Every structure is written in structure tokens, then in C-alpha cells.
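The values are calculated or read from the model by the stated rules, or taken from the named source; none is laboratory data. Given the structure is predicted, the values throughout are model-derived calculations rather than measurements. Virtual Cβ from ideal backbone geometry, glycine too; neighbours counted across all protein chains shown.
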Amino acid sequence: MAEKEYIIFCDESAKEGKYYCNFYGGALVGGSQHKAVSGRLAALKDGLHLYGEVKWEKVTEQYLEKYNALVTAFFKEVSAGRVKVRIMFRQKAQRPRGLSKDDLELQYLKLYYQFIKWAFGLHLIPRRKGGSRLRLYFDRIPDTREKVAQFKAFLLSLQKSTQFRQAGISIAPEDITEIRSSDHVLAQCVDVVLGAMQFRLNDWHKQKLPGQRVRGKRTRAKEKLYKAMLEDIRKLLPGFNIGTTTGRRGDERARWNQPYRHWCFHPKDTVFDASLAKPRGGR
């Protein structure tokens, strides 16, 4: 059943890895579920004495058990169909060609726009009488006021597109908001999932401390959390492959229906640079 309102908590990472870059993530929750889902996760977070902001960069051996408990609870919400998660990224070996100076300057925001427009399959939302309202909550966008204003204008224009009009989706100017992620537990969960995927895809789980033959405790803790997360995802999507766009599995509406999806974004005009590709078997 379609909701009257949907909320997407969005996050991105400006950190660039050796093999993958341009990471974007989001968690979508229906308006009727938002308060209950956030309340359960926030209560668990407090019960675990995680009083500060939960972030991937804070994962350590000391906090691994607590983070694992929170992530497990988050994926239970995903499994129950109350939250949908999408992660988008770009393979660096697929180098875009023919980009203008303006394209390069606006690349970050243009990719963010593509993520919002397509990653969740919003145009496939079952239409309800009266339509559905979409709210977009972003962690602080690291760009100039002028570019952020331009970005928000592009997002507002989505409701005029054929796909969004057919799905009955509306967006009001006040519904595109920059938030403090420390105030929203769902935004914090997105940060942890996004960080884990970036960590694994760029082989940061193999990093060793300078002058050391073994990996540091923090790196090992992060890998354990990632593996637990991957197990939760594969319960939802058996055979899930972290580095490729998640298959539709014979369901044309999978981009909306599936609880969790990855999107490896490929620009239209690219050249493959083997020097930037991960070695075979390295995934």
C-alpha cells in the first residue's frame, strides 16, 4: 500500500578510494513508519550507551559489539519492509569522456541528482489517490550556497517529470532540507552502511599500519562489522554481489520493491582504464 508521505535520509562520501568513488547512500521510510522505526533504533542506541553520533569512522574493537547490535536492528527494519536502503557508487576504471568544465564542477551534485531520481525506483511507487509527498533530508552538503540552491531547484523539478507525475509524487521547497545527522538515527545508520561498502570495495580492509606486518585492531573490527552486514544483506538477497548493480531477478519493479540495492553508476560515454581496475578475484 502506498504511503501518503516518504522520507529519504541521504548521505555521501567525498573520500575517494583506489578503485571506487562517488559514494551516495540513502534510507527511505514511509511517513507512517518513521516515528516508530526511529524510536526503536534511538532507544536501542541509548540502551547501548551510544550517546554520541554513530559513524563508520568511529568503529573500533571496543565499540564493535554495540555497533553490530545497532546495525542488526537496522537491517531487521529493512527486512520487515519498513526501510529501503540504496547505495550508489562509480567504478574509477570506467573513466567518463567529453566532460565540460561545468560538468566537472557540478559532477558531485549531478550524481547526487541521479541517485535521488533513480536509485529508489520512486517512479514505480504504487500510485495512491491524492498522490505521495516526498521529503529529502541531506547531511550538510559540502558546496557553495549557489550550487546547493541550484541542486535543490533541480530536485524540485523532478515532480514535473513524466515519471514522477505518473507516480503522483510531489516535492515542496521546504521538504528539501539539510539536517544535522546527529539528530537522526536513520541518517547515522546510512553513514555506517555507506562507510562499510566504501571500505570493502576499496580494499581498505587490507590496510596495515606503517611498519607493521599485521592489520590494526580498528581495521579488523571494521571488517567484522562489514561481514556481519553482508550476512544480513544476503539473507534478503541471496548471492548479493557488493560491486555490481543489484539484479532485478525477473521483477521489473525490483528497483522499488527490493529492500536493499546497489547501483554501480556508469556514465554514458566512458573509456575503460585497466590501470584503475581491481585485480581479478580482488572483490
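In summary, ARG253 fulfils each of the numbered conditions (1) out of contact with any helix residue (DSSP H, G or I) (no Cβ under 6 Å at 6 or more places or on another chain); (2) loosely packed, with under 13 Cβ neighbours inside 10 Å with the single exception of condition (1). Is it the case, given these coordinates, that PHE120 is in a loop (DSSP other than H, G, I, E, B) and crowded, with 21+ Cβ neighbours inside 10 Å? When the stated conditions are applied, PHE120 passes them. Selection of first residues in segment 256-272 that are touching a residue at least 60 places away in the same chain (Cβ under 8 Å) and of second residues that are assigned to a strand (DSSP E or B) and of a type in the set (A, V, I, L, M), restricted to Cβ pairs under 6 Å at least 6 apart or on distinct chains, gives the following pairs, ordered by first then second residue: TYR260/VAL85; HIS262/ILE87; TRP263/MET88; PHE265/MET88.
Every residue, every condition in (1) at pLDDT below 90; (2) closer than 24 Å to LYS18 by Cα; (3) assigned to a loop (DSSP other than H, G, I, E, B), yes or no:
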| site | (1), (2), (3) |
| --- | --- |
| GLY81 | no, no, yes |
| ARG86 | no, yes, no |
| PHE89 | no, yes, no |
| ARG95 | yes, yes, no |
| LEU99 | yes, yes, yes |
| ASP102 | yes, no, no |
| TYR112 | no, yes, no |
| PHE115 | no, yes, no |
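Pull up segment 48-58, narrow it to residues that are modelled with pLDDT of 95 or more and farther than 16 Å from PHE199 by Cα, then point me to the one that is surrounded by the most Cβ atoms within 10 Å (Cβ to Cβ). I'd like the intermediate steps shown before the answer.
Our first condition is that a residue be modelled with pLDDT of 95 or more; within segment 48-58, this holds for 48-50, 53-58.
Filter once more, keeping what is farther than 16 Å from PHE199 by Cα: 48-50, 53-54.
Values: LEU48: 17, HIS49: 9, LEU50: 19, GLU53: 16, VAL54: 25.
Per the criteria, the residue is VAL54.
For the subset of segment 244-255 comprising residues that are touching a residue at least 60 places away in the same chain (Cβ under 8 Å) and in contact with a strand residue (DSSP E or B) (Cβ under 8 Å, 6 or more places away or on another chain), which member is nearest to VAL190 (Cα to Cα)? Checked segment 244-255; the qualifying residue nearest to VAL190 (Cα to Cα) is ARG255.
TYR24 passes every criterion in (1) assigned to a strand (DSSP E or B); (2) free of Cβ contacts under 8 Å to residues at least 60 places away in the same chain; (3) not β-branched (Val, Ile, Thr) apart from (2). What about LYS45, is it in contact with a Pro (Cβ under 7 Å, 6 or more places away or on another chain), within 28 Å of LYS222 (Cα to Cα) and crowded, with 20+ Cβ neighbours inside 10 Å? No; evaluated as a whole, the condition is false for this residue.
Please specify each residue of segment 152-200 satisfying the condition of being among the hydrophobic types (A, V, I, L, M, F, W, C) and under 17 Å from PHE23 (Cβ atoms). Talk me through it step by step, then tell me what you get.
In the first step, residues of segment 152-200 are kept if they are among the hydrophobic types (A, V, I, L, M, F, W, C); the result is 153-156, 158, 164, 167, 169, 171-172, 176, 179, 185-187, 189-190, 192-194, 196-197, 199.
Of everything in segment 152-200, those that are among the hydrophobic types (A, V, I, L, M, F, W, C) and under 17 Å from PHE23 (Cβ atoms) turn out to be ALA187, CYS189, VAL190, VAL192, VAL193, LEU194, ALA196, MET197, PHE199.
Report yes if GLY81 is surrounded by 14 or more Cβ atoms within 10 Å (Cβ to Cβ), small (Gly, Ala, Ser) and on the phi > 0 side of the Ramachandran plot, otherwise no.
Numbers: surrounded by 14 or more Cβ atoms within 10 Å (Cβ to Cβ): no; small (Gly, Ala, Ser): yes; on the phi > 0 side of the Ramachandran plot: yes.
No.
Inclusion of GLU61 among residues that are assigned to a loop (DSSP other than H, G, I, E, B), modelled with pLDDT of 95 or more and over 30 Å from ALA277 (Cβ atoms) is warranted.
Somewhere in segment 189-199, is a residue surrounded by 13 or more Cβ atoms within 10 Å (Cβ to Cβ), farther than 20 Å from LYS15 by Cα and at pLDDT 95 or above? If you could, list the steps in order and put the result at the bottom.
Filtering segment 189-199 for residues surrounded by 13 or more Cβ atoms within 10 Å (Cβ to Cβ) gives 189-199.
If we keep only those that are farther than 20 Å from LYS15 by Cα too, we end up with none.
No, because not a single residue in segment 189-199 is surrounded by 13 or more Cβ atoms within 10 Å (Cβ to Cβ), farther than 20 Å from LYS15 by Cα and at pLDDT 95 or above.
The residues on offer are GLU178, GLU231, and the sole one that is surrounded by fewer than 17 Cβ atoms within 10 Å (Cβ to Cβ) and more than 18 Å from ILE87 (Cβ to Cβ) is GLU178. On inspection, GLU3 passes the criterion of being within 24 Å of THR177 (Cβ to Cβ) and in a loop (DSSP other than H, G, I, E, B).
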